[in-house]
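S.K.: Attaching a single structure in structure tokens format; questions to follow.
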Amino acid sequence: MRLDYFIANSANVSRKEARRLILAARASVDGVICKKAATQLSGSERVTLDDESMVLPGERYLMLHKPEGVVSATTDSEHPTALDLLPPDWRRNLHIAGRLDKDTTGLLLLSTDGQWTHRVTSPRAECPKTYLATLAEPLPDDALSQLEKGVELRGETKLTAPATVERLNEDRLRLTISEGRYHQVKRMLAAVGNRVVALHRERIGAVSLDPELVSGNYRELSQAEIDSF
């Protein structure tokens, strides 16, 4: 790890500010002042800033109840982002594991641990995701059966993997898929002649959205939730 990256993350400053501090001879590695931002650290060194020992923060793992109108991005010039819902000192280096459309609500997982977010999102993991879908029209039995067998999405030739579908009422479904194709749930319902008017993700893998977590709020994942992926 580069020294400027270490200082930036341990002192919660920008990389630019970290480089400025290093150039000003305020950082030391194993007791020796170091003015080279690109100095590589193995992880065993003692790094100090103004004679105060620096320690990297631990990895963060969060669940967020995403509201409608918020985009699943770290920055956006036009819309509020998922990270805007978090305190500034929690946002650094967070990745979103499995994005949601702006008009889709529900469970978002975020972490600073890139390997963990890869395990959540990798197509090879076939991580199941469960959604509540409200439809424009009642769904006939034959259309439900098509979803359970797999459907051909517009512009694609390969059928979707079979979905698990639970009918909640005439126009509301609980649908579980194990793929992550672009706008997949909406396109699957369009493929059987219907339209999604509201979509809410309630589960990713073994992690369910905490029912006590109101829209726009977040909490840290438990160790059991982290280890489930």
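The values are calculated or read from the model by the stated rules, or taken from the named source; none is laboratory data. From a predicted model like this one, the values you see are computed outputs, not experimental measurements. We place every Cβ from the backbone using ideal geometry, glycine too, and count neighbours over all the protein chains shown.
S.K.: What is the residue count in the range 14-25 for residues that are crowded, with 17+ Cβ neighbours inside 10 Å and closer than 14 Å to Met54 by Cβ?
M.R.: Residues flagged as crowded, with 17+ Cβ neighbours inside 10 Å and closer than 14 Å to Met54 by Cβ within the range 14-25 amount to 3.
S.K.: Say whether the condition of being touching a residue at least 24 places away in the same chain (Cβ under 8 Å) and closer than 22 Å to Thr117 by Cα is met by at least one residue in the range 32-46.
M.R.: No; the residues of the range 32-46 include none that is touching a residue at least 24 places away in the same chain (Cβ under 8 Å) and closer than 22 Å to Thr117 by Cα.
S.K.: Next question, about the same structure. Only one of (1) under 28 Å from Asn217 (Cβ atoms); (2) buried (at least 20 other Cβ atoms within 10 Å of the Cβ) is not met by Leu139, so which one is it?
M.R.: Going through the list (1) under 28 Å from Asn217 (Cβ atoms); (2) buried (at least 20 other Cβ atoms within 10 Å of the Cβ), Leu139 breaks only (1).
S.K.: Only one residue in Ala25, Ala18 is at positive phi and out of contact with any Phe, Trp or Tyr (no Cβ under 6 Å at 6 or more places or on another chain). Which one?
M.R.: After applying the criteria, what remains is Ala25.
S.K.: Residues to consider are Arg181, Arg154, Arg167; find the one that is under 24 Å from Trp116 (Cβ atoms) and of a type in the set (D, E, K, R).
M.R.: Among Arg181, Arg154, Arg167, only Arg181 is under 24 Å from Trp116 (Cβ atoms) and of a type in the set (D, E, K, R).
S.K.: Any idea which of Glu212, Glu166 is in the same structural domain as Glu68 (by TED's automatic domain parsing), on the phi < 0 side of the Ramachandran plot and acidic (Asp, Glu)?
M.R.: Glu212
S.K.: How many residues does the range 126-176 hold that are in a loop (DSSP other than H, G, I, E, B) and either touching a Cys at 6+ places or on another chain (Cβ under 7 Å) or not β-branched (Val, Ile, Thr) (or both)?
M.R.: Of the residues in that region, 21 qualify.
S.K.: Let me ask something else about it. Quick check: anything in the range 12-34 within 23 Å of Leu221 (Cα to Cα) and under 28 Å from the mean Cα position of the chain (by Cα)?
M.R.: Checked the range 12-34: at least one residue is within 23 Å of Leu221 (Cα to Cα) and under 28 Å from the mean Cα position of the chain (by Cα).
S.K.: Follow-up question, since we're still on this one. Please find, within the range 110-136, the residue that is surrounded by the most Cβ atoms within 10 Å (Cβ to Cβ) out of those that are within 28 Å of Arg172 (Cβ to Cβ) and among the hydroxyl-bearing types (Ser, Thr, Tyr).
M.R.: Among residues in the range 110-136 that are within 28 Å of Arg172 (Cβ to Cβ) and among the hydroxyl-bearing types (Ser, Thr, Tyr), the one surrounded by the most Cβ atoms within 10 Å (Cβ to Cβ) is Tyr131.
S.K.: Here is a further query. For the list (1) under 19 Å from Ser145 (Cβ atoms); (2) touching a strand residue (DSSP E or B) at 6+ places or on another chain (Cβ under 6 Å), I need the number of the one condition that Ala191 fails.
M.R.: Failing condition for Ala191: (2).
S.K.: Another question, then. Thr74: part of a loop (DSSP other than H, G, I, E, B), under 24 Å from Ser208 (Cα atoms) and not aliphatic (A, V, I, L, M), yes or no?
M.R.: Yes.
S.K.: Filter the range 82-102 for residues that are more than 23 Å from Gln115 (Cβ to Cβ), surrounded by 15 or more Cβ atoms within 10 Å (Cβ to Cβ) and without any contact (Cβ under 8 Å) to a residue 24 or more places away in the chain and give the result.
M.R.: Listed by number, the list holds a single entry, Asp84.
S.K.: Filter the range 170-195 for residues that are touching a Phe, Trp or Tyr at 6+ places or on another chain (Cβ under 9 Å) and surrounded by 19 or more Cβ atoms within 10 Å (Cβ to Cβ) and give the result.
M.R.: Matches in the range 170-195: Leu173, Leu175, Ile177, Val185.
S.K.: Whether any residue in the range 106-118 is part of a loop (DSSP other than H, G, I, E, B), of a type in the set (D, E, K, R) and modelled with pLDDT under 95 is what I want to check.
M.R.: Within the range 106-118 (the criterion being part of a loop (DSSP other than H, G, I, E, B), of a type in the set (D, E, K, R) and modelled with pLDDT under 95), the answer is yes, since at least one residue qualifies.
S.K.: Do we find that Leu107 is touching a Leu at 6+ places or on another chain (Cβ under 9 Å), within 16 Å of Met63 (Cβ to Cβ) and surrounded by 18 or more Cβ atoms within 10 Å (Cβ to Cβ) in this structure?
M.R.: Here the answer is yes, as Leu107 does meet what is asked.
S.K.: Here is a list: Arg60, Arg99. Which entry is within 10 Å of the chain's Cα centre (by Cα) and charged (D, E, K, R)?
M.R.: The match here is Arg99.
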